[in-house]
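Undergrad: Once you've had a glance at the structure underneath, I'll fire off some questions.
Just so you know, all these numbers are worked out from the coordinates, no wet-lab data involved. In this text, all values refer to a predicted model and were calculated from it rather than measured experimentally. Note: ideal-geometry Cβ built from the backbone for every residue, glycine included; neighbour counts use all protein chains shown.
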Amino acid sequence: MRTRILLALGLLGAASACSTPDATYPSLAPRPQEAIDPRVPIPNVVRVDPADPNLSAHLAALIDQAQSGDQAFQAAAANAERLASSAGPQPSESWVAAQQALSAAQEARGPTVQALGDIDGIAAAALQKQGGIPAGNLAAIQTAADKVAAIDDAEASRIDAIEKRLGL
């Protein structure tokens with residue numbers, strides 16, 4: 001009899017394990033958020049304020065410095081090209097004069113190179129001090145850097161041409 005009771009209790013326990021309580025479960029139907037196409041680009045509009053007036057004035061002064069330095073460079077480079085075109089072989093007196101004129105032209109690049117370095121320094125200082133550069137200031141810095149870099153690149157290629165002419 002004891003085994004019958006244990007067997008009945010075991011069957012009753014097994015049968016109760018198969019039953020489920022009345023509970024509400026979340027639906028497996030798609031939610032409204034899942035209907036949005038994930039490939040649709042999210043607009044990323046960056047608000048660009050005008051550049052700081054003090055920064056703009058400083059950048060304009062650096063551009064002017066590079067342009068006035070370029071005028072001095074052009075005169076020195078023209079003299080170096082003239083002397084290089086009439087220079088003799090490397091140890092000659094005319095070659096030495098052309099080499100000295102080339103050195104003067106390279107020195108005349110100083111204001112342009114200085115302006116380019118100062119523009120980079122402005123950006124680096126803003127990054128270090130503020131941890132970022134506002135969009136308007138960044139655009140002004142990039143524009144100034146592009147203008148001065150174009151002057152610097154033209155001067156560098158002219159120096160390279162004179163050096164080639166002198167066999168350097």
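Undergrad: Could you give the angle, 0 to 90 degrees to the nearest 10, between helix 53-85's Cα long axis and the longest principal axis of the Cα atoms of the chain?
TA: For 53-85 against the chain, the angle is about 50 degrees.
Undergrad: Set Lys and Arg Cβ to +1 and Asp and Glu Cβ to -1, take the dipole of the chain about its Cα centre, and tell me which of Pro111, Val46, Gln65 lies farthest positive.
TA: Of the listed residues, the answer is Val46.
Undergrad: At 222 nm, what value in deg cm²/dmol follows for the chain if DSSP H runs of at least 4 each add -39500 (n - 2.57) and the sum is divided by all its residues, to the nearest 500? Let's see the in-between values first.
TA: Details: 5 runs with 118 residues, N = 168.
Helices in the chain give a 222 nm mean residue ellipticity of -24500 deg cm²/dmol.
Undergrad: Is there a quick way to get the dipole size of the chain? I mean about its Cα centre, with the Cβ of Lys and Arg at +1 and of Asp and Glu at -1; what is the value in debye to the nearest 20?
TA: Taking the Cα centre of the chain as origin, the dipole is about 1200 debye.
Undergrad: If you take Cα extents along the principal axes in Å from the coordinates, which of (1) 55, 33, 31; (2) 130, 43, 31; (3) 46, 43, 26 do you get?
TA: (2)
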